[in-house]
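The values are calculated or read from the model by the stated rules, or taken from the named source; none is laboratory data. Values in this document were obtained by computation on a predicted structure and should not be read as measured data. Cβ: placed from backbone, ideal geometry, glycine included. Neighbour counts: every protein chain shown.
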Amino acid sequence: MVMELFPLTLTRAETSRRGKRLVGPVDLHLDGQGLCVVMGPNGAGKTTLLRLMHGTARLTGGSVKWACDTDEARHHQAFVFQRPVVLRRTVEENLTYPLRLRGVARKAAKSAAHKWAERVGLQPHLTRRAMVLSGGEQQKLAIARALITEPALVFLDEPTASLDGRAMREIEAILLQAKADGTRLILSTHDMGQARRIADDVVFILGGMVHETGPAKSFFDAPQTPEARAFLKGDIVE
Amino acid sequence: MLNALMGLPPVVVGLIVYIFLSRSGPFGALGLLFTPTAMIIAQVIIIVPLIASIAHQSLRELWAEYHDLLISMNVTQMQKMRTLLWDARRALLTAALAGFGRGIGEVGAIMIVGGNIDNATRVLTTAIALETGKGEFALALALGFILIALALGVNLLIHWIGQTERDSRW
């Protein structure tokens, strides 16, 4: 399934709002392997870039091309937001929701929900209302709900930004397992420690422009641009 | 607009409906004045803005909450509506009950368009008004207690639903 979507090619892609360019022009080529981390300081345009790729931010110039038709590509993607969005339903109903939308039978959807709840450690909470879960549990639920349709690609917009270290590690473990199962992940973060731990590739973005892309190891060991070097050193970059 | 309509004085609504339904009015030929249908028309005009306003507010809040997720899931318009209506069902029920609560206590408009005719268009509120006018305070009070019990029952129900609504959110 991964091969159907990728490569993803952005050519002079940009998005503007009220005449102000938020991101771009961006030229980017991503293949279908591993976990790609979009890095950059707050306000760099990480979220907008992810939304641009996903198709929920309006493209005001250039192009975003998948290996298949854009609508078909969208069908095989999911998006996890920084602030977890949970439906005002039980944990089980949250998990079955995307499957039911796709016409999966109630029984099969329920059994998939139980499997995923167990996988992310939410089994004891299945019948509880999602709204009463902690922030970390809600984010795990959002990730499980994104993964339950077995998408080829999942975008994650700073999924651990407001969580403590333990919840962060648990979520990283879920993501690494998803990666091992063949799901392509594109995750944005400004947390360098997290990026070092989980990234296979890095896209470094600053001021709405992609400054550097490449394998994580070479990015962290030998950044090519002065902006990336400054960011990795912990300097304030603008 | 909805909020403005919510503030319409019921007596004025009754007067306008009366004018429209009276013999010389545009709908006079329908012969609806002093019938339960006329009372229903007046009640609908009074209650709908209230129900619509509460429903609109709760659906708007829910849409703000779900917007990103549903857009990202690429749901169809129909799926979107079903999701919002289902997840806002408690708030919508509260809106309906609030409308019922307002309707059951209404007297001015339905007195004008219904005429308070015995066995035809007399309801609890108009009967209370009539009995009080006649000096039959015992009967008026008894009817009043029934009305209070009904209104109280509805309000308790609204309160209970509101409670479960909050529980579902927090």
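Search region A:86-119 for residues being within 20 Å of the chain's Cα centre (by Cα) and closer than 18 Å to B:ALA88 by Cα, and hand back the single one that is nearest to the other protein chains (Cβ to nearest Cβ).
Per the criteria, the residue is A:LEU87.
Show me the helices (runs of 4 or more DSSP H) entirely contained within region B:64-170 in which 1 or more residues are over 26 Å from the mean Cα position of the chain (by Cα).
Here the list reads B:77-87, B:124-134, B:137-169.
For region A:24-54, enumerate the residues that are small (Gly, Ala, Ser) and more than 25 Å from A:GLU172 (Cα to Cα).
A:GLY24
As an exercise: evaluate B:ARG90 against (1) at pLDDT below 90; (2) surrounded by 18 or more Cβ atoms within 10 Å (Cβ to Cβ); (3) under 30 Å from A:GLY55 (Cα atoms) and give the number of the one condition it does not meet.
Looking at each condition in turn, B:ARG90 falls short on (3).
For region A:174-205, give me each residue that is more than 23 Å from A:GLY43 (Cβ to Cβ) and free of Cβ contacts under 8 Å to residues at least 12 places away in the same chain.
A:ALA180, A:ASP181 - these are the residues of region A:174-205 that are more than 23 Å from A:GLY43 (Cβ to Cβ) and free of Cβ contacts under 8 Å to residues at least 12 places away in the same chain.
Based on what the data block shows, is B:LEU84 among the aliphatic types (A, V, I, L, M) and modelled with pLDDT under 90?
no
Which of the residues belonging to region A:38-68 are farther than 24 Å from B:MET73 by Cβ and aliphatic (A, V, I, L, M)?
Result: A:MET39, A:ALA44.
Would you confirm whether or not region A:15-29 contains a residue that is at positive phi and without any contact (Cβ under 8 Å) to a residue 60 or more places away in the chain?
yes
What residue, among those in region A:153-163 that are aliphatic (A, V, I, L, M) and surrounded by 22 or more Cβ atoms within 10 Å (Cβ to Cβ), is farthest from the chain's Cα centre (by Cα)?
A:LEU153
Enumerate the pairs (first residue in region A:120-134 and within 13 Å of chain B (Cβ to nearest Cβ); second residue anywhere and β-branched (Val, Ile, Thr) and part of a loop (DSSP other than H, G, I, E, B)) with beta-carbon separation below 8 Å, excluding pairs fewer than 6 apart on the same chain, so at least 6 apart or on different chains.
What qualifies is A:ALA130/A:VAL86; A:MET131/A:VAL86; A:LEU133/A:VAL86.
Inside region A:6-21, can you point out the residues that are out of contact with any Gly (no Cβ under 6 Å at 6 or more places or on another chain) and surrounded by fewer than 19 Cβ atoms within 10 Å (Cβ to Cβ)?
Within region A:6-21, A:PRO7, A:THR9, A:SER16, A:ARG17, A:ARG18, A:GLY19, A:LYS20, A:ARG21 meet the criteria.
Just give me the residues in region B:10-61 being more than 19 Å from B:LEU97 (Cα to Cα) and polar (S, T, N, Q), in sequence order.
Passing the criteria: B:SER22, B:SER24, B:THR35, B:THR37.
Counting only residues that are modelled with pLDDT under 90 and aromatic (Phe, Trp, Tyr), which one in region A:172-228 is surrounded by the most Cβ atoms within 10 Å (Cβ to Cβ)?
Filtering region A:172-228 for residues that are modelled with pLDDT under 90 and aromatic (Phe, Trp, Tyr), the one surrounded by the most Cβ atoms within 10 Å (Cβ to Cβ) comes out as A:PHE219.
Among (1) at pLDDT 90 or above; (2) surrounded by 19 or more Cβ atoms within 10 Å (Cβ to Cβ), there is one condition A:LYS110 misses while meeting the rest; what is its number?
(2)
In region A:35-85, what count of residues is obtained for those that are more than 9 Å from every other protein chain (Cβ to nearest Cβ), among the hydroxyl-bearing types (Ser, Thr, Tyr) and free of Cβ contacts under 8 Å to residues at least 60 places away in the same chain?
Result for region A:35-85: 3.
Give the number of residues within region B:55-84 that are touching a residue at least 24 places away in the same chain (Cβ under 8 Å) and either within 17 Å of A:ARG100 (Cβ to Cβ) or more than 9 Å from chain A (Cβ to nearest Cβ) (or both).
Residues that pass the stated criteria total 5.
Taking the stated definitions as given, is B:LEU50 more than 30 Å from A:ARG145 (Cα to Cα), surrounded by fewer than 17 Cβ atoms within 10 Å (Cβ to Cβ) and among the hydrophobic types (A, V, I, L, M, F, W, C)?
So B:LEU50 does not fit the description; no.
Kindly list, by first and then second residue, each pair from a residue in region B:119-144 that is free of Cβ contacts under 8 Å to residues at least 24 places away in the same chain to a residue that is among the aromatic types (Phe, Trp, Tyr) and assigned to a helix (DSSP H, G or I), limited to pairs with Cβ atoms under 8 Å and residues at least 6 apart or on different chains.
Between residues of region B:119-144 that are free of Cβ contacts under 8 Å to residues at least 24 places away in the same chain and residues that are among the aromatic types (Phe, Trp, Tyr) and assigned to a helix (DSSP H, G or I), the close pairs are B:GLU131/B:PHE137.
Do we find that A:LEU35 is aliphatic (A, V, I, L, M) and within 17 Å of A:ARG74 (Cβ to Cβ) in this structure?
Against the criterion (aliphatic (A, V, I, L, M) and within 17 Å of A:ARG74 (Cβ to Cβ)), A:LEU35 does not qualify.
Among the residues of region A:128-143, which ones are outside any helix (DSSP H, G or I) and either surrounded by 21 or more Cβ atoms within 10 Å (Cβ to Cβ) or of a type in the set (Ser, Thr, Tyr) (or both)?
A:SER134
Take B:ILE112 and tell me if it is away from chain A (no Cβ under 14 Å) and out of contact with any helix residue (DSSP H, G or I) (no Cβ under 7 Å at 6 or more places or on another chain).
For B:ILE112, the condition - away from chain A (no Cβ under 14 Å) and out of contact with any helix residue (DSSP H, G or I) (no Cβ under 7 Å at 6 or more places or on another chain) - is not met.
Taking region A:66-87, which residues are more than 19 Å from A:ILE143 (Cβ to Cβ) and not in a helix (DSSP H, G or I)?
A:TRP66, A:ALA67, A:CYS68, A:ASP69 - these are the residues of region A:66-87 that are more than 19 Å from A:ILE143 (Cβ to Cβ) and not in a helix (DSSP H, G or I).
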